[in-house]
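To start, the structure under review is shown below, and the notes come after it.
Every number in this text was worked out from the coordinates using simple rules, so none of it is lab data. Model, not experiment: these values are computed from the prediction. Positions of Cβ are generated from backbone atoms using ideal geometry, with glycine treated the same way; all protein chains shown enter the neighbour counts.
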Amino acid sequence: MVELYLKVAAGGLLIGTVYALIAIGLTIIFGVMRVVNFAHGEMVVMGMYLGYALWTLFAIPAIPAALIAAVVLFGLGVFLQVTVVSRFVGRPQHSQFILFIAFALVITGLHLMLMGPDARSVMAPISFQTYSVGGLRLDAARVQAAATALVMILALVAFLRFTFIGRAIRAAADNPLGAEVVGIRSGRVYAVTAGIGLACAGAAGALVSPLFDAQPFLAPEFTLLAFIIVIIGGLGSLTGALIGGLLIGVAEGFAALLINPAMKSMFSYGLLIAVLLLRPAGLFGGREAR
Amino acid sequence: MVRRERKRTGRPRGVVAATAFFCALFLVPHLLDDAWVAVLTLVLFFAFVGQAWNLMMGHVGLLSLGHALFLGIGGYTTAVLLQDYGMTPWIGIPAGALVAAMVGAGIAWLGFRFSVRGVYFALLTIAFAEFFRILFSNWPLIGGTGGYFLRVVPEDNVPLLSLRGGADHFYYLFFVLFLVGLIVSARLVRGRIGMFWSAIREDEDAARALGVRSFRLKVLVVAVSAAMTACGGGAFALMNGSLFPNTLMGMQMSIQIILAPIIGGLGTLFGPFVGAVFVVLVLEFSRDLGQTAGVYGLSTLIYGLTVLGVILYMPEGIWPRLVRLAQPLRRDR
């Protein structure tokens, strides 16, 4: 029994790391631009399809596929930001919402046209391998996905902390006007931020492609999942997103085990409501509220 | 916004145009075939529900992204009262509206009590809607995800008593709902309460400083909006004869509800209708095109691109643009 709980907890932590990568993509865009990417889940699914396509066509496994997906989605993010989204920064929320809903519809339409409505699964040998850690058997695909996601998150943190453009991004997030005053070009910062945000989503998508079947209609679930994590961790906070991701990963695992699996997300929404009402800055955020 | 509306309908030509418009809408079932009646019924449904949502967003500035919740509450209350308790929808629909108003007021009370604002309020509405959707999906009494089905309309059905009937009947049902909704919205928005609401939308702190009791006025608008949406949900359930939590209460439905008023023109009385015409026609057209072309997903792509085009080039909505186009004409006379 204990072993089962341990397995669920470990599995939750592993998938939670990937969730955290998705959520960080959402939170970084919001933190810098105050724009909520309601099409985030669609971008994750795009990453999943890229992972699927790279594996089926070129036999590229998930980890390099995640890097390729990150690069592709980075380009898409920069492109969308420069062409369209930049005009919507600072517009009313409902306007931004409709813009991203339109993105979501277009991307879903393209997914349906290119890949069809059926679930696509990666038939890689890794899906059947396991690692044994201290008597605990863990799916190899999960461990690899989590490890890669963790490396990516750490790389992103290092990038934001130690590079010039990363510090510019943080400056713009802290104080947009002040950043402009000291000569940071907000347009460029926004473009890089949008690229990073989408790259996180894409990489995470490619990483989970051996775990979940890719399907266009998964997208809203990923979007809402990312929202829940980001709100619980505090909108705009990277550490909050990481802890929130792990928390939701574990909580989902246990909710599926202990209560009705169909109702596991009800628990997440209940938590979301409680956090929104009682601690809108998030459980771990503190810098900025409302 | 409010003042412009008043001026326009205040003019005799505006009244003539409005009367002609409603006469034309009234005659639709006599002039057009069933397919068009079905499409226009859907237009009236989305126009009516869009009006309800617009009261909150357009007039008070509260963004709800979970209005499907109220649709679901109205639909399920009406259907369950009819099927399991033999109560006519004449009682069922108002009952649904009452329940929805209470749930809406409860959510609003909680949200405003803890001063949840902006994006956070929008996310709160999503959270409640999804919470209830999953609850309804796992509620065996109402069929869960499998759905809840109304029995076939009996032989001795009197449409005016049971509110159920054929395509024309439902067209007129939504026509009346839309008309009543329009009048109620217009009266509320142009009355004293409406002035307070616009004051809250423009600057809540200033309004409060002047003695506007913003808390209860905001709870009121959510309750009214929820009740109206629930009426639409009840009628919608009667029309479809079946209810599924995932379609009636899902995120997709919430998005559908708000597309029409935003595309038509936020905060205008007529925007939701114009937007509903646009949205439903584009949806039908793209679906047809996708089917003829035999390309799966093409309809979604076209729909998305059209919405993108509107939000890019007409961010304030179609109706205000039309009004502005009509302005020079008016000055000529």
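In whole Hz, what ³J(HN,Hα) sequence does the stretch B:186-200 give by Karplus (6.51, -1.76, 1.60; θ = phi - 60°), x for Gly and Pro?
Values, residue by residue: 4, 5, 4, 5, 8, x, 4, 4, x, 5, 4, 4, 5, 4, 5 Hz.
Helix A:40-58: angle to the longest alpha-carbon principal axis of chain A, degrees 0 to 90, nearest 10?
Tilt relative to chain A: about 60 degrees.
How high is the FRET efficiency from residue B:102 to residue B:16, r the C-beta distance, R0 41 Å, rounded to 0.05?
Taking R0 as 41 Å, the efficiency between residue B:102 and residue B:16 is 0.50.
For the stretch A:49-203, rounded, prolate or oblate, judged on the Cα gyration tensor with a ≥ b ≥ c (square roots of eigenvalues), a/c < 1.5 rounded, else prolate if a/b > b/c?
oblate
With label points built 7 Å along Cα→Cβ from the Cα atoms of residue A:185 and residue A:114, find their separation and express it in nm.
With each label placed 7 Å out from Cα toward Cβ, I get 3.0 nm.
Working from the pairwise distances between different alpha carbons, so that the mean of 1/r is found and then inverted, what is the stretch B:216-293's Kirkwood radius in Å?
14.3
For chain A, set up a GNM with springs between Cα atoms under 10 Å and report which of A:252, A:221, A:180 has the largest fluctuation.
Its mean-square fluctuation being the largest, the pick is A:180.
Does chain B classify as rounded, prolate or oblate by the C-alpha gyration tensor (a ≥ b ≥ c root eigenvalues; a/c under 1.5 gives rounded; else a/b over b/c gives prolate, otherwise oblate)?
rounded
May I ask you to derive the FRET efficiency for residue B:195 and residue B:312 from their Cβ-Cβ distance with R0 = 35 Å, giving the value to the nearest 0.05?
It comes to 0.60.
Give a residue-ordered list of calculated ³J(HN,Hα) values for the stretch B:34-39 (Karplus: 6.51 cos²θ - 1.76 cosθ + 1.60, θ = phi - 60°; whole Hz; x for Gly, Pro).
Couplings: 4, 4, 5, 4, 5, 4 Hz.
If I stretch the segment between residue B:213 and residue B:156 completely, what's the gain in nm (0.36 nm per residue apart, minus their alpha carbon distance), one decimal?
Length gained, residue B:213 through residue B:156: 15.4 nm.
Using the beta-carbon distance between residue A:83 and residue B:30 and R0 = 60 Å, what value does 1/(1 + (r/R0)^6) give for FRET efficiency, to the nearest 0.05?
The formula returns an efficiency of 0.80 here.
Give me the mean projected area, in nm² to one decimal, of the convex hull enclosing the Cα positions of the stretch B:22-117.
One quarter of the hull surface, i.e. the mean projection, equals 8.3 nm².
Below 8 Å between Cα atoms, with a sequence gap of 6+, how large is the relative contact order for chain B in percent?
Over chain B, the number comes to 30 percent.
From the P(r) of the stretch A:177-290, can you give the percent of Cα pairs sitting at distances over 22 Å?
For the stretch A:177-290, the fraction of Cα-Cα distances above 22 Å is 45 percent.
Anyone know which of A:162, A:254, A:88 comes out most mobile in the 10 Å Cα GNM of chain A?
A:162
Looking at the square roots a ≥ b ≥ c of the eigenvalues of the Cα gyration tensor of the stretch B:122-179, which shape do they give, rounded for a/c under 1.5, prolate if a/b is larger than b/c, or oblate?
oblate
In whole Å, largest first, what are the principal axis extents of the Cα atoms in the stretch A:1-86?
Answer, in whole Å and largest first: 54, 36, 16 Å.
Take the Cα gyration tensor of the stretch A:78-165, multiply each eigenvalue by 5, square-root it, and list the three semi-axes largest first, rounded to whole angstrom.
Listed largest to smallest, the semi-axes of the stretch A:78-165 are 36, 24, 11 Å.
What 222 nm value per residue comes from the helices of the protein assembly as shown, counting each DSSP H run with n ≥ 4 as -39,500 (n - 2.57) and dividing by all residues, nearest 500 deg cm²/dmol?
-25500 deg cm²/dmol
Ignoring GluC sites (Glu not before Pro) that are buried or in helix or strand per DSSP, and keeping those with at most 15 other beta carbon atoms within 10 Å, what is the longest stretch of chain B between them?
For GluC sites (Glu not before Pro) (loop position, at most 15 other Cβ atoms within 10 Å), the longest site-free span of chain B is B:156-315.
Please compute the modelled spin-label separation between residue B:83 and residue A:260, points set 7 Å along Cα→Cβ, answer in nm with one decimal.
That separation, rounded to one decimal, is 1.7 nm.
Loop only per DSSP, at most 11 neighbouring Cβ atoms within 10 Å: give me the trypsin sites (Lys or Arg not before Pro) in the stretch B:77-183, ordered by residue number.
Filter output for the stretch B:77-183: B:151.
Given springs between every Cα pair under 10 Å in a Gaussian network model of chain A, which of A:152, A:113, A:43 has the largest fluctuation?
Between A:152, A:113, A:43, it is A:113 that shows the largest mean-square fluctuation.
Which log10 I(q)/I(0) values, to two decimals, does the protein assembly as shown give at q = 0.09 Å⁻¹ under the Debye formula with one point per Cα?
Per q value, in the given order, log10 I(q)/I(0) is -0.76.
On the Cα set of chain A, report Rg and Dmax in Å, please.
Radius of gyration, then largest Cα-Cα span, for chain A: 18.5, 60 Å.
How much length, in nm to one decimal, is gained on full extension between residue A:174 and residue A:147, taken as 0.36 nm per residue of separation minus their Cα-Cα distance?
Once the chain is fully extended between residue A:174 and residue A:147, it gains 6.7 nm.
Output the relative contact order of chain A, whole-number percent, from Cα pairs under 8 angstrom with separation of 6+ residues.
So the answer I get is 39 percent.
For the stretch B:98-253, take every pair of Cα atoms, bin their distances at 10 Å starting from 0, and report each bin as a whole percent.
10, 29, 32, 20, 8, 1, 0
Could you pull the Cα extents of the stretch A:111-238 along its three principal axes, largest to smallest, in whole Å?
The Cα atoms of the stretch A:111-238 stretch 55, 44, 25 Å along the principal axes, largest first.
Given an 8 Å cut-off on Cα distances and at least 6 residues of separation, report the relative contact order of the stretch A:7-103 as a percent.
The normalised contact order for the stretch A:7-103 reaches 30 percent.
Using Cα centres only, tell me the gap between the stretch B:243-299 and the stretch A:1-62 in whole Å.
So the separation of the two Cα centres works out to 30 Å.
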